[in-house]
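Visitor: Just passing along the structure, written as structure tokens.
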Amino acid sequence: MKKVFIAGGVSIDSIIYLPEFPAPFPQTIHECRFNETIGSTGSGKALNLCRLGFDVNLHAMIGNDSYGRKAIEQLQHPNISFSYDISPDGTERHTNLMNANGERISIFTQNIPENPEIGYQQFIPMIREADFVVINLSGYSKKILPMVKEMGKPVWTDLHDYDGQNPWHSDFVKYSDYILLSSDNLPDYRPFMMQMMDEGKELVVVTHGKKGSTGLGKDGKWIEVEALTNFELVDSNGAGDAYFSGFLYGYSMGYNILKCMQTGSTAGALCINSPLLFHPELSPDAIESLCRKHFSNY
């Protein structure tokens with residue numbers, strides 16, 4: 001099994017499902033579908049990758065509270081080793097408003113400290129043993145980035161809805177070798193992708209939800225892959241992390257960027273068909289079978 005180390009990104013989310021986002025005036029909404037479950041980008045990647053043949057070593061910060069215990073419980077899997085430091089502010093929590101199109105408004109109702117006092121030396125063996133290192137967006141994980149580079153390991157990161165300018169992301173942009181992100185806040189994404197390749201990145205992939213994804217590698221060729229839209233939308237939470245996981249699965253198999261984007265699209269489509277951050281039937285066989293079914297050039 002390939003080993004992956006993932007740093008950062010565990011929360012407990014309150015998810016509110018509405019036909020449409022509330023209009024901007026005071027009101028009472030009497031009925032809605034509601035769920036409280038594990039969330040965030042580290043959880044999403046770990047719960048997908050463990051089902052795709054990876055031995056996952058996940059580290060995050062959680063609180064010494066009922067939400068932290070819930071996170072530990074929901075991350076139980078034979079292929080996940082979850083280690084954590086205690087956040088004095090409690091477990092990270094989000095409130096997500098979802099509309100019928102799968103669009104989301106995410107409100108961070110409880111954050112972890114930006115610069116916690118934790119022992120960073122604990123990550124050295126985790127990095128050393130990993131075949132892949134994924135550093136997610138969080139304050140504490142920024143300090144792990146130079147450690148990974150000093151150890152000669154490439155960095156994978158997910159910039160999510162980065163707008164191409166926010167200085168908070170600059171360390172992740174600087175240190176990462178493999179970058180995935182969404183075009184939600186970056187509609188003019190091609191110049192950014194070309195800039196990243198000019199700066200020596202290995203590849204950049206931008207996802208567009210229902211409109212598919214765009215990839216660019218060292219050969220300078222643009223790659224477009226359609227989204228699989230014939231899967232029923234149950235919950236779009238975690239779709240980006242599922243895409244990332246499916247892409248990394250393809251990369252671990254030695255596939256080219258096109259096939260990696262196809263495996264990513266397939267994992268993302270499976271995810272939206274489930275109320276969880278992953279699809280219960282996700283497996284390498286499921287990915288391969290669906291890719292052969294839906295992509296004529298797979």
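Visitor: Within the stretch 202-252, which residues are of a type in the set (Asp, Glu) and in contact with a Gly (Cβ under 6 Å, 6 or more places away or on another chain)?
Guide: Glu226, Asp241 - these are the residues of the stretch 202-252 that are of a type in the set (Asp, Glu) and in contact with a Gly (Cβ under 6 Å, 6 or more places away or on another chain).
Visitor: Give the residues of the stretch 22-49 that are polar (S, T, N, Q) and either more than 10 Å from the chain's Cα centre (by Cα) or at pLDDT below 95 (or both), sorted by residue number. Talk me through it step by step, then tell me what you get.
Guide: Filtering the stretch 22-49 for residues polar (S, T, N, Q) gives 27-28, 35, 37, 40-41, 43, 48.
Matches in the stretch 22-49: Gln27, Thr28, Asn35, Thr37.
Visitor: Is there a residue in the stretch 130-138 that is closer than 30 Å to Leu97 by Cβ, among the β-branched types (Val, Ile, Thr) and surrounded by 19 or more Cβ atoms within 10 Å (Cβ to Cβ)? Show your work before the answer.
Guide: Within the stretch 130-138, the first condition is being closer than 30 Å to Leu97 by Cβ, and the residues that meet it are 134-138.
Subset that is among the β-branched types (Val, Ile, Thr): 134-135.
With surrounded by 19 or more Cβ atoms within 10 Å (Cβ to Cβ) added as a condition, the list becomes 134-135.
Yes, the stretch 130-138 contains a residue that is closer than 30 Å to Leu97 by Cβ, among the β-branched types (Val, Ile, Thr) and surrounded by 19 or more Cβ atoms within 10 Å (Cβ to Cβ).
Visitor: Can you work out which of the residues in the stretch 248-298 that are within 25 Å of Thr157 (Cβ to Cβ) and among the aromatic types (Phe, Trp, Tyr) is farthest from the chain's Cα centre (by Cα)?
Guide: Ranking the qualifying residues of the stretch 248-298, first place goes to Tyr255.
Visitor: Condition first: within 30 Å of Val148 (Cβ to Cβ), outside any loop (DSSP other than H, G, I, E, B) and free of Cβ contacts under 8 Å to residues at least 60 places away in the same chain. Can you find one or more residues in the stretch 17-34 that meet it?
Guide: Checked against the condition, which is being within 30 Å of Val148 (Cβ to Cβ), outside any loop (DSSP other than H, G, I, E, B) and free of Cβ contacts under 8 Å to residues at least 60 places away in the same chain, the stretch 17-34 yields no hits at all.
Visitor: Please determine whether any residue of the stretch 75-85 is surrounded by 14 or more Cβ atoms within 10 Å (Cβ to Cβ), on the phi < 0 side of the Ramachandran plot and part of a helix (DSSP H, G or I).
Guide: The answer is no; no qualifying residue exists.
Visitor: Working only within the stretch 150-177, note down all residues that are crowded, with 16+ Cβ neighbours inside 10 Å and either free of Cβ contacts under 8 Å to residues at least 24 places away in the same chain or assigned to a helix (DSSP H, G or I) (or both).
Guide: Hits for the stretch 150-177 are Val155, Thr157, Leu159, His169, Asp171, Phe172, Val173, Tyr175.
The values are calculated or read from the model by the stated rules, or taken from the named source; none is laboratory data. As the structure is a computational prediction, the values presented were derived from the model and not from experiment. Cβ coordinates were reconstructed from backbone atoms using ideal geometry, including for glycine residues, and neighbour counts include every protein chain displayed.
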